[in-house]
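Read through the structure below, which is laid out as C-alpha cells, and then see the notes.
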C-alpha cells in the first residue's frame with residue numbers, strides 16, 4: 001500500500017492531483033446546488049408569468065444555454081476583478097469565484113430545460129389542482145413533484161457541465177496548484193507537460209466521480225418511486 005502511495009505521489013505530486021480532486025468536488029457541489037435552486041425557480045416562474053418582453057427573455061436564456069463558457073468566464077472575471085462591480089468580495093483566484101462563474105454558466109441550462117418541460121406539463125397539472133381545490137402552494141409542490149424526473153435530468157446536466165468545465169474556471173481561478181486547480185485544468189496541465197498517461201488516469205477518476213453521482217441519484221430516485229425496474 002505504501003508503494004502505491006509513493007507511486008501516486010511521484011506521478012501526481014507535481015500538479016497537486018489530490019487537491020485538484022478536492023477543489024473539483026467542492027466547486028461542482030456548490031455550483032450545481034446554487035444553480036439548481038435558481039434554475040428550477042426561474043424556469044417555473046418564466047413559464048408561469050406573462051410579462052412584456054417574455055419572448056426576448058426566453059431567447060436570451062436559450063442563447064446563454066449555448067454561450068461559450070470561456071466568454072462567461074471572462075465576464076465573471078471582469079465582474080470580480082479588483083476594479084469590477086464585485087471586486088470588494090476578493091473572489092478572483094478563489095473557489096468562490098469559480099463557483100460564481102459556474103453558476104452563471106449552469107443556471108441558464110437548468111432554467112431552460114425546466115421551462116421547456118413546464119410549458120408542456122404545467123397547464124394540465126394546474127387545471128387538475130384547481131379542480132381538486134388545491135391552494136397556490138399546494139399546486140406548486142404538486143407541479144414540482146410531477147416534474148421531478150425532468151428536474152432530475154436538468155440538475156444532472158448542470159452537474160455534468162460543472163465538472164467538465166475548463167475555460168471559465170481557468171480564467172477566474174487561475175489554475176493555482178493546491179488552491180484553485182481543478183481536475184480538468186490539471187489534465188490540461190499534464191497534457192502540456194507531455195504526461196499523457198497521468199492525464200488519462202485523472203480523466204478516469206473524473207469519469208468515476210460522475211458515475212458515482214449518477215448512480216446515487218438513480219438509487220434515491222428509485223427508492224422514492226419504489227420502482228425496482230427503474
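The values are calculated or read from the model by the stated rules, or taken from the named source; none is laboratory data. From a predicted model like this one, the values you see are computed outputs, not experimental measurements. When we count neighbours, we look across all protein chains shown, and the Cβ atoms used for this are built from the backbone with ideal geometry, even at glycine.
Quick look at the values:
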{"read-out": "Subset of the range 50-97 [within 21 Å of residue 173 (Cα to Cα) and loosely packed, with under 11 Cβ neighbours inside 10 Å]", "value": "82, 83, 85, 88"}
{"read-out": "Residues of the range 41-86 satisfying the condition of being over 11 Å from residue 105 (Cα atoms) and in contact (Cβ under 8 Å) with a residue 60 or more places away in the chain", "value": "42, 43, 44, 46, 47, 48, 74, 77, 80"}
{"read-out": "Members of the range 87-102 found to be without any contact (Cβ under 8 Å) to a residue 60 or more places away in the chain and within 19 Å of residue 184 (Cβ to Cβ), listed by number", "value": "96"}
{"read-out": "Residue that is touching a helix residue (DSSP H, G or I) at 6+ places or on another chain (Cβ under 8 Å), modelled with pLDDT under 90 and crowded, with 21+ Cβ neighbours inside 10 Å, where the choices are 143, 190", "value": "190"}
{"read-out": "Some residue of the range 2-11 being surrounded by 16 or more Cβ atoms within 10 Å (Cβ to Cβ) and either farther than 30 Å from residue 116 by Cβ or modelled with pLDDT under 60 (or both)", "value": "yes"}
{"read-out": "Flag if residue 171 is touching a residue at least 24 places away in the same chain (Cβ under 8 Å) and under 22 Å from residue 75 (Cα atoms)", "value": "yes"}
{"read-out": "Where residue 230 falls short, out of the listed (1) surrounded by fewer than 17 Cβ atoms within 10 Å (Cβ to Cβ); (2) in contact with a helix residue (DSSP H, G or I) (Cβ under 6 Å, 6 or more places away or on another chain); (3) more than 22 Å from residue 68 (Cβ to Cβ); (4) at pLDDT 80 or above", "value": "(4)"}
{"read-out": "Residue count for the range 53-70, restricted to those that are under 28 Å from residue 178 (Cβ atoms) and at pLDDT 95 or above", "value": "0"}
{"read-out": "Residue match in the range 116-130 (condition: within 20 Å of the chain's Cα centre (by Cα), crowded, with 17+ Cβ neighbours inside 10 Å and modelled with pLDDT under 95)", "value": "yes"}
{"read-out": "Selected residue (only one of 79, 105 is modelled with pLDDT of 95 or more and within 11 Å of the chain's Cα centre (by Cα))", "value": "105"}
{"read-out": "Residues of the range 29-47 satisfying the condition of being more than 18 Å from the chain's Cα centre (by Cα) and surrounded by 15 or more Cβ atoms within 10 Å (Cβ to Cβ)", "value": "44, 46, 47"}
